[in-house]
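Notes follow the structure.
The values are calculated or read from the model by the stated rules, or taken from the named source; none is laboratory data. Values in this document were obtained by computation on a predicted structure and should not be read as measured data. So basically every Cβ, Gly included, is an ideal-geometry build from the backbone, and we count neighbours across all protein chains shown. Side chains included, ligands, DNA and RNA excluded: accessible areas come from the protein's heavy atoms. Shrake-Rupley method; radii C 1.70, N 1.55, O 1.52, S 1.80 Å.
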Amino acid sequence: IDFLYTADKELACAHYWSSLYDDDVTVPTLEEFKEHKIFGKFTTMTAEDLIGYMAEYEDLYIIIDTKEENYTTVIEDLLRLS
């Protein structure tokens, strides 16, 4: 799963922002991210949503990826949320 930070520094499950917009430059807030459907049909998820699923489904494993420059911060935030 890819992770990116929203404009208000919340961790979202997203590969590129172009799945919401026509460019990769526009970074949404968490509220804007949650209001959109990916490619018009898929529900967005935050890292917190994902961790909730992982707590419910103990056999769920993920591979972490990010385009963020400081990937250590992403890992730290995931650990903090879990």
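The trypsin sites (Lys or Arg not before Pro) of region 17-82 meeting both criteria, a DSSP state outside H, G, I, E and B (loop) and at most 15 other C-beta atoms within 10 angstrom of the site's C-beta, are Lys41, Lys67. Compared with the dominant principal axis of the Cα atoms in the chain, helix 71-81 is inclined by about 60°.
Placing dummy labels 7 Å off each Cα toward the beta-carbon, the span from Asn70 to Ala7 is 2.1 nm. Annotation: per residue accessible area for the chain equals 71 Å², rounded to a whole number [probe 1.4 Å, protein chains only].
Per-residue ellipticity at 222 nm computed for the chain from its helices equals -9500 deg cm²/dmol, with DSSP H segments shorter than 4 residues left out and the rest contributing -39,500 (n - 2.57).
Annotation: amide H-H contacts under 5 Å for Phe3 (H modelled 1.01 Å from N, sequence separation of 5 or more, or interchain): Ala14, Asp65, Thr66, Lys67.
For the full complex of protein chains and a 1.4 angstrom probe, list Ile63, Ile51 by accessible area with the highest value first.
Ile63, Ile51
Taking only Cα atoms, what is the 0 to 90° angle, nearest 10, from helix 47-56's long axis to the longest principal axis of the chain? So the helix axis and the longest Cα principal axis differ by about 40 degrees. Every pair of different Cα atoms in the chain enters the Kirkwood calculation, which places the hydrodynamic radius at 13.1 Å.
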